[in-house]
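To keep things clear, I will list the structure first and then write my remarks on it.
The values are calculated or read from the model by the stated rules, or taken from the named source; none is laboratory data. All figures in this text were calculated on a predicted structure; none of them were measured in a lab. Methodologically, a virtual Cβ is constructed for each residue, glycine included, from the backbone with ideal geometry; neighbour enumeration extends over all protein chains shown. In case anyone asks, the SASA skips ligands and DNA or RNA and just uses the protein heavy atoms, side chains included. Shrake-Rupley method; radii C 1.70, N 1.55, O 1.52, S 1.80 Å.
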Amino acid sequence: MSGIRAVSTTTPVGRQRATAGSDPAWSADPYADALHTGRGPLFLRRADGWLLPLDVERWCEEADATDLDVLRRCEGPVLDVGCGPGRMVAALGDRGHRALGIDVSEAAVAHTVGRGGQALLRSVFDPLPGSGRWGTALLMDGNVGIGGDPVALLHRLALLLAPGGLLIAETVPGPDVDERALVQVTDLHGPPGPAFPWARVGTPALLHHARTAHWRTDEEWSTNGRTFAALRPT
Ligand SMILES: C[S@@+](CC[C@H](N)C(=O)[O-])C[C@H]1O[C@@H](n2cnc3c(N)ncnc32)[C@H](O)[C@@H]1O
């Protein structure tokens, strides 16, 4: 994919400031600090106090067998949306794929670049290189929740993918889950980050939203307790 550059940041990892392209919700210290140490505990917290643990340790490790199952399905140049610390981008690069990570967290972008991957500090809703030409888009680790509106995210991804392109989305492994909420990133010690909209969807709900947004289902699978759907815009 031409026109894709790796972008590193000069902000010290661990004490991030929000800069252009970043989102203060994910640039807040709890997330940046967790990526810096490679460890949680880290959570998304709803206003009612409910906590969703974030698997920072796994995100900071190498791609595992379940991730490699996803990588084997990728086609053409790959856009990893919300790449976090970049395990998928790095593994794709190691296997000869052209891959770009995008993330609104400076710490995440810095980690991805540090792993030898290409990454941009950019929201999926910002102008992006290769628009309309990506072979595959990834929404790993529940990133179908980005923006808190799965249908809006699917409409955006349809513009980024090449005709007939592939979206691989990791869903919540619960058949009835379909929720939207304002959440904050917290480590339960320091101050939490600002509230932002997030969605959690199981595979049946994602397939329902996909039909609404004019996508068709290619495949559904589950590996080691993690659940995925592969979709194509029609
Ligand atoms: C649940 S974490 C997923 C971690 C990641 N997939 C990994 O492999 O480590 C969500 C990620 O999405 C990023 N994110 C949130 N909103 C975003 C947006 N609008 N555009 C791009 N990335 C976003 C966050 O900064 C965070 O790194």
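Label reach from S222 (point 7 Å along Cα→C-beta): in the stretch 167-187, amide nitrogens under 13 Å belong to 171-177. Distance between the modelled labels on T37 and R232, one decimal in nanometres: 4.6 nm (7 Å Cα→Cβ projection).
Once both labels are positioned 7 Å from their Cα atoms along Cα-to-Cβ, the gap between A65 and R46 label points is 3.3 nm. Just so you know, the Cα atoms of the stretch 124-189 work out to an Rg and Dmax of 13.8, 46 Å.
If you take the square roots of the eigenvalues of the alpha-carbon gyration tensor of the stretch 65-155 and sort them as a ≥ b ≥ c, do you get rounded (a/c under 1.5), prolate (a/b over b/c) or oblate? Since a/c stays below 1.5, the shape of the stretch 65-155 is classed as rounded. Counting only protein heavy atoms and a 1.4 Å probe, the chain has 42 square angstrom of accessible area per residue. For the stretch 87-150, the list of trypsin sites (Lys or Arg not before Pro) that fall in a loop by DSSP and count at most 13 other C-beta atoms within 10 angstrom reads R95. Per residue, the chain reaches -7500 deg cm²/dmol at 222 nm when only DSSP H runs of four or more residues are counted, each adding -39500 (n - 2.57).
When you have a sec, figure out the Kirkwood radius of the chain from all distinct Cα pair distances and drop it here in Å to one decimal? When all Cα pairs of the chain are included, the Kirkwood radius is 17.5 Å.
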